[in-house]
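Working notes, structure below.
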Amino acid sequence: MIQETQIRINGEKHSFRPGETILDVAGRAGVEIPTLCHDPRLKPAGACRTCLVEVEGQRKLLPACATPATTDMAVVSESERVDRHRKTLLALYATDHPSNREASERGAPDELLDMIENYRAPTDWGAMASVRANRHDDRNPYIHFEPDTCILCARCTRYCDEVEAVSAITLAGRGSETTISTVDGLSLLDTSCEMCGGCIDVCPTGAMGEKMPLTRGDKPERELEKVRSTCNFCGVGCQVDLNVDREADDGAGRIVKVTSPPTGTTTNDGNLCVKGRFAYDFVHHPDRLKVPLVRGADGEFYETSWEDALQKAAAGLQGVSERHGKNGLGFVSSSRCTVEENYLVQKLSRAVFGTNNVHQCAAT
Ligand code: SF4
Ligand code: SF4
Ligand code: FES
């Protein structure tokens with residue numbers, strides 16, 4: 001007998017594969033179910049309860065992100081009961097979450113505020129004073145944590161644990177004092193944290209945020225344009241989105257943060273290292289070389305044309321080869337070059353100067 005592997009969502013039949021959750025099937029079928037603690041890179045936690053749906057035969061609403069699809073299951077994702085639940089839940093979240101984006105957002109999008117607006121959840125249930133301890137004095141240069149904005153969805157801690165395998169942050173404390181902390185509340189610099197910034201990327205409320213855009217005095221609510229690029233720090237080729245503030249620097253534009261699209265298909269699936277995410281300052285650095293320089297007889301560097309610089313470099317290499325033989329030369333290329341550029345360097349080394357002394361730090 002062939003096993004029937006279909007469920008019904010809002011009356012429509014959909015096939016599913018073993019191990020898929022209601023949310024997986026709904027996503028494929030284009031049925032929108034709101035989520036906050038869900039991330040396809042992480043194991044389901046069922047922590048935020050925004051994705052609760054009705055399942056026929058079940059007394060309670062069930063979390064779509066953590067409930068496996070089973071044969072002949074009948075799911076309702078939009079009903080008066082589900083809507084009442086969502087509005088109530090979001091209204092409760094709103095009681096201790098800043099409603100003004102400027103205060104709550106530190107460069108990360110605030111999915112919770114978007115959701116409160118989209119589902120027209122009440123925002124007038126009064127504000128609750130937060131009793132969570134904070135680590136405002138954390139001297140790490142990149143990652144800011146705002147305990148009052150956190151909804152304890154544990155996306156950041158699970159990311160740190162399951163994707164980075166670092167476990168630098170954890171849920172700490174009890175009851176209303178539960179918060180995200182480190183061992184003994186230490187600065188992230190004194191933990192195993194690798195400053196990958198992934199906890200900022202996955203946080204749906206802006207509680208984990210970037211320090212850098214704020215310390216530069218920019219407005220955190222500004223519209224940023226994402227420009228897709230490839231990180232040039234090493235040979236892996238991670239896909240990045242350069243977030244450009246077009247209005248900064250009197251309209252010249254400025255990269256104010258780097259994010260990465262978690263598409264599931266790119267080399268890095270939304271994950272970055274500290275260099276790719278935070279070391280973008282060089283792009284606008286005043287000391288960045290923009291013209292070729294050659295050293296004069298007095299030992300100082302002087303601007304020149306590309307043609308002159310290349311001729312001088314060629315003459316210098318030829319001179320070494322003549323004086324010390326072809327293996328007197330060695331070529332070291334950069335992982336910040338493209339594969340094609342590195343190919344040309346090894347061609348230059350082997351075909352033009354006749355030496356195999358060629359290397360590139362990423363060995364691509
Ligand atoms: S920056 Fe990366 S390693 Fe550090 S706490 Fe965040 S997720 Fe963990
Ligand atoms: S800091 Fe953000 S990701 Fe981490 S638990 Fe709080 S709301 Fe969730
Ligand atoms: S997304 Fe399902 S419980 Fe949070």
Quiz prompt | Close pairs (6 angstrom Cβ cut-off, 6 or more residues apart or separate chains): closer than 30 Å to residue 263 by Cβ in region 174-201, aromatic (Phe, Trp, Tyr) and more than 16 Å from ligand 3 (Cβ to nearest atom) anywhere | solution = 195/142
Quiz item: Of the residues 60, 87, 43, which is within 16 Å of ligand 2 (Cβ to nearest atom) and either touching a residue at least 24 places away in the same chain (Cβ under 8 Å) or out of contact with any helix residue (DSSP H, G or I) (no Cβ under 9 Å at 6 or more places or on another chain) (or both)?
Solution: 43
Exercise. With the checklist (1) more than 14 Å from residue 226 (Cα to Cα); (2) not in a loop (DSSP other than H, G, I, E, B) in hand, flag the one item residue 236 doesn't pass.
Key: (2)
Self-check item: Single unsatisfied condition, residue 204 versus (1) in contact with a Pro (Cβ under 9 Å, 6 or more places away or on another chain); (2) crowded, with 16+ Cβ neighbours inside 10 Å; (3) assigned to a helix (DSSP H, G or I)
Solution: (3)
Practice problem: Please work out which residue is surrounded by the most Cβ atoms within 10 Å (Cβ to Cβ), limiting yourself to region 95-112 and to residues that are out of contact with any Asp or Glu (no Cβ under 8 Å at 6 or more places or on another chain) and at pLDDT below 90. | Solution: 110
Quiz item: What about residue 86, is it at positive phi and within 16 Å of ligand 3 (Cβ to nearest atom)?
Solution: no
Practice problem: With the condition kept exactly as written, say whether any residue in region 347-358 is surrounded by 11 or more Cβ atoms within 10 Å (Cβ to Cβ), among the hydrophobic types (A, V, I, L, M, F, W, C) and in contact with a Phe, Trp or Tyr (Cβ under 6 Å, 6 or more places away or on another chain). | Solution: yes
Quiz prompt | Residue in region 308-364 that is farthest from residue 294 (Cα to Cα), counting only those that are of a type in the set (Lys, Arg) and in contact (Cβ under 8 Å) with a residue 24 or more places away in the chain | solution = 326
Exercise. Kindly list, by first and then second residue, each pair from a residue in region 237-257 that is more than 26 Å from residue 196 (Cα to Cα) to a residue that is surrounded by fewer than 20 Cβ atoms within 10 Å (Cβ to Cβ) and not small (Gly, Ala, Ser), limited to pairs with Cβ atoms under 7 Å and residues at least 6 apart or on different chains.
Key: 247/222
Practice problem: May I ask you to list the residues in region 46-58 that are more than 7 Å from ligand 3 (Cβ to nearest atom) and assigned to a loop (DSSP other than H, G, I, E, B)? | Solution: 56, 57, 58
Self-check item: Only one of 310, 344, 289 that is over 28 Å from the mean Cα position of the chain (by Cα), loosely packed, with under 11 Cβ neighbours inside 10 Å and of a type in the set (A, V, I, L, M)
Solution: 289
Exercise. Of the numbered conditions (1) farther than 28 Å from residue 203 by Cα; (2) assigned to a loop (DSSP other than H, G, I, E, B), residue 32 fails exactly one; give the number of that condition.
Key: (1)
Quiz item: Name the pairs: first residue in region 267-292 and without any contact (Cβ under 8 Å) to a residue 24 or more places away in the chain, second residue part of a helix (DSSP H, G or I) and crowded, with 17+ Cβ neighbours inside 10 Å, Cβ to Cβ under 9 Å, at least 6 apart or on different chains?
Solution: 281/212
Quiz prompt | Of the criteria (1) of a type outside the set (Lys, Arg); (2) near ligand 2 (Cβ under 9 Å from one of its atoms); (3) modelled with pLDDT under 90; (4) out of contact with any Pro (no Cβ under 9 Å at 6 or more places or on another chain), which one residue 157 fails | solution = (3)
Practice problem: Looking only at region 122-132, decide whether some residue is under 29 Å from residue 243 (Cα atoms) and either modelled with pLDDT under 80 or out of contact with any Cys (no Cβ under 7 Å at 6 or more places or on another chain) (or both). | Solution: no
Quiz prompt | Residue list for region 163-173, filter: more than 23 Å from residue 257 (Cα to Cα) and either more than 10 Å from ligand 1 (Cβ to nearest atom) or small (Gly, Ala, Ser) (or both) | solution = 165, 167, 171, 172, 173
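Is it the case, given these coordinates, that residue 26 is touching a residue at least 24 places away in the same chain (Cβ under 8 Å), surrounded by fewer than 19 Cβ atoms within 10 Å (Cβ to Cβ) and within 14 Å of ligand 3 (Cβ to nearest atom)?
Answer is no for this residue.
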Quiz item: Going by the conditions given, is residue 75 crowded, with 20+ Cβ neighbours inside 10 Å and in contact (Cβ under 8 Å) with a residue 60 or more places away in the chain?
Solution: yes
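The values are calculated or read from the model by the stated rules, or taken from the named source; none is laboratory data. Note that the coordinates shown come from a computational prediction; the quantities given were computed from them, not determined experimentally. Backbone-built Cβ (ideal geometry, glycine too); neighbour counts: all protein chains shown.
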